[in-house]
Amino acid sequence: MTSDQYSTTANLNKRIAIHERYSVNKVDLWQWAWQHYPFHGSPTVLEFGCGTGKFWRSESAVLSPDSRIVLSDSSEAMLEEARRNLRDLAYDFSFQVGDIDNPSFADSSFDVVLAHFMLYYARNPASALERIRSILRPGGWFGLILPSRENLTQLYDLAQSIDASFPVNDRDMLALPAEDAEGLVNTCFDKVERYVFADSLRISDVLPLIDYLQSIPVFQSHTGGRSFYQRYALAAQEIIDREGYLRVSKQTLLFVCRTGQ
Ligand SMILES: C[S@@+](CC[C@H](N)C(=O)[O-])C[C@H]1O[C@@H](n2cnc3c(N)ncnc32)[C@H](O)[C@@H]1O
């Protein structure tokens, strides 16, 4: 299921596009993350589930150019696009196919490990975190970003209001909401800082909305048929006609998780 979802970059890129087009908060999430991450000098960095490398595109020369950065993802297609997207950046990037459940990195081999919008794909997030902790050098830190349980709720609520069989508890991205991950990182790391990024989408066109929904796994696996999307489009259009846009709240949490010296 996850491998189908990311066998090409199309689904991820559709989702990124709607956030870029309709987000109200003018602060870029990635730049906000750079501001909170305690990067300095020339660390060795490992990112799990790097996707198309968007985080690195938004950097603003915080790190020394000789920083060694390993970008890892379970999808070859993601790594290929990340390689293309980042080829003009000065850092020493390397790209590796890899699974967060089964990482092949030695103990104490990185100063920083990152996992953005992907820990919910780990089969066992608690063991993945233990492994991340052991990959980190003493004094290293782990940057975790995940959506809150309150993220995008209006999209799912609208689906349920037009089709009661739309699953309530299977909101794919929320297999591990940030609130649940918080307990796990607090157990695994010595000190955890928590930051909240609040935003909303004001969606004023139905077509890109439907396109977006069709890129989300729980919508893809819902067998509502064509009429489901027709009814969704009508219901969304009614709201847009009445209010000017469909408002969808977004909430993202960032954790900086430190190991002791
Ligand atoms: C929602 S995307 C996030 C991509 C990127 N971190 C971002 O925030 O734009 C999830 C990424 O995790 C990757 N992924 C899924 N399961 C994985 C696993 N078990 N191990 C490593 N990467 C995985 C996917 O291929 C995809 O690139």
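So that you can scan it fast, the table gives a plain yes or no per residue for (1) surrounded by 16 or more Cβ atoms within 10 Å (Cβ to Cβ); (2) within 30 Å of Ile145 (Cα to Cα); (3) in contact (Cβ under 8 Å) with a residue 40 or more places away in the chain; (4) in contact with a Cys (Cβ under 8 Å, 6 or more places away or on another chain):
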| residue | (1), (2), (3), (4) |
| --- | --- |
| His222 | yes, yes, yes, no |
| Tyr229 | yes, no, no, no |
| Ala236 | yes, yes, yes, no |
| Glu243 | no, no, no, no |
| Leu246 | yes, yes, yes, no |
| Thr259 | yes, yes, yes, no |
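Scanning region 60-93 for residues that are among the small types (Gly, Ala, Ser) and within 25 Å of Ala10 (Cβ to Cβ), we see that the one that is surrounded by the most Cβ atoms within 10 Å (Cβ to Cβ) is Ala82. Here region 41-69 is the region considered, the condition is being within 11 Å of the ligand (Cβ to nearest atom) and small (Gly, Ala, Ser), and the residue that is farthest from Asp88 (Cα to Cα) is Gly49. Counting only helices (runs of 4 or more DSSP H) that sit wholly inside region 1-114, those with at least 1 residues that are among the aliphatic types (A, V, I, L, M) are 10-22, 29-36, 76-85. Among the residues of region 9-37, just one is among the β-branched types (Val, Ile, Thr), modelled with pLDDT under 85 and touching an Asp or Glu at 6+ places or on another chain (Cβ under 9 Å), namely Thr9.
Yes/no matrix, rows are residues, columns are (1) modelled with pLDDT of 95 or more; (2) within 25 Å of His19 (Cα to Cα); (3) not small (Gly, Ala, Ser):
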{"site": "Phe39", "(1), (2), (3)": "no, no, yes"}
{"site": "Thr44", "(1), (2), (3)": "yes, no, yes"}
{"site": "Gly49", "(1), (2), (3)": "yes, yes, no"}
{"site": "Ser58", "(1), (2), (3)": "no, yes, no"}
{"site": "Val97", "(1), (2), (3)": "yes, no, yes"}
{"site": "Ser104", "(1), (2), (3)": "no, no, no"}
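The residue of region 102-118 that is farthest from Ser72 (Cα to Cα), among those that are within 9 Å of the ligand (Cβ to nearest atom) and surrounded by 15 or more Cβ atoms within 10 Å (Cβ to Cβ), is Phe117. Of Lys54, Lys26, all but one fail to be loosely packed, with under 14 Cβ neighbours inside 10 Å and either among the acidic types (Asp, Glu) or under 21 Å from Leu146 (Cα atoms) (or both); the exception is Lys26. Specify the residue that is nearest to Ile16 (Cα to Cα); the eligible residues are those in region 76-89 that are touching a strand residue (DSSP E or B) at 6+ places or on another chain (Cβ under 8 Å) and within 11 Å of the ligand (Cβ to nearest atom). Result: Ala82. Would you confirm, using the coordinates I've provided, whether Ser67 is touching a residue at least 12 places away in the same chain (Cβ under 8 Å) and either under 21 Å from Ser7 (Cα atoms) or touching a strand residue (DSSP E or B) at 6+ places or on another chain (Cβ under 7 Å) (or both)? Considered against the rule, which asks whether it is touching a residue at least 12 places away in the same chain (Cβ under 8 Å) and either under 21 Å from Ser7 (Cα atoms) or touching a strand residue (DSSP E or B) at 6+ places or on another chain (Cβ under 7 Å) (or both), Ser67 comes out as yes. Glu20 fulfils the conditions (1) in contact (Cβ under 8 Å) with a residue 24 or more places away in the chain; (2) surrounded by fewer than 14 Cβ atoms within 10 Å (Cβ to Cβ) except for a single criterion, (1). Of Arg137, Arg149, Arg123, all but one fail to be among the basic types (Lys, Arg) and within 16 Å of Phe48 (Cα to Cα); the exception is Arg123.
The set of residues from region 117-152 being within 15 Å of the chain's Cα centre (by Cα) and of a type in the set (S, T, N, Q) comprises Ser148, Asn151.
You will find that of Arg131, Arg137, the residue that is of a type outside the set (S, T, N, Q) and within 12 Å of the ligand (Cβ to nearest atom) is Arg131 and no other. Contact map, region 87-113: residues that are in contact (Cβ under 8 Å) with a residue 24 or more places away in the chain and of a type outside the set (A, V, I, L, M, F, W, C) paired with residues that are within 12 Å of the ligand (Cβ to nearest atom) and outside any loop (DSSP other than H, G, I, E, B), Cβ distance under 7 Å, separation 6+ or inter-chain. Pairs shown: Gln96/Ser72; Gly98/Ser72; Asp101/Ala128; Pro103/Arg131.
The values are calculated or read from the model by the stated rules, or taken from the named source; none is laboratory data. Fair warning: this is a prediction, and the values are worked out from it, not measured in the lab. Please note: Cβ atoms are built from the backbone with ideal geometry, for glycine as well, and neighbour counts cover all protein chains shown.
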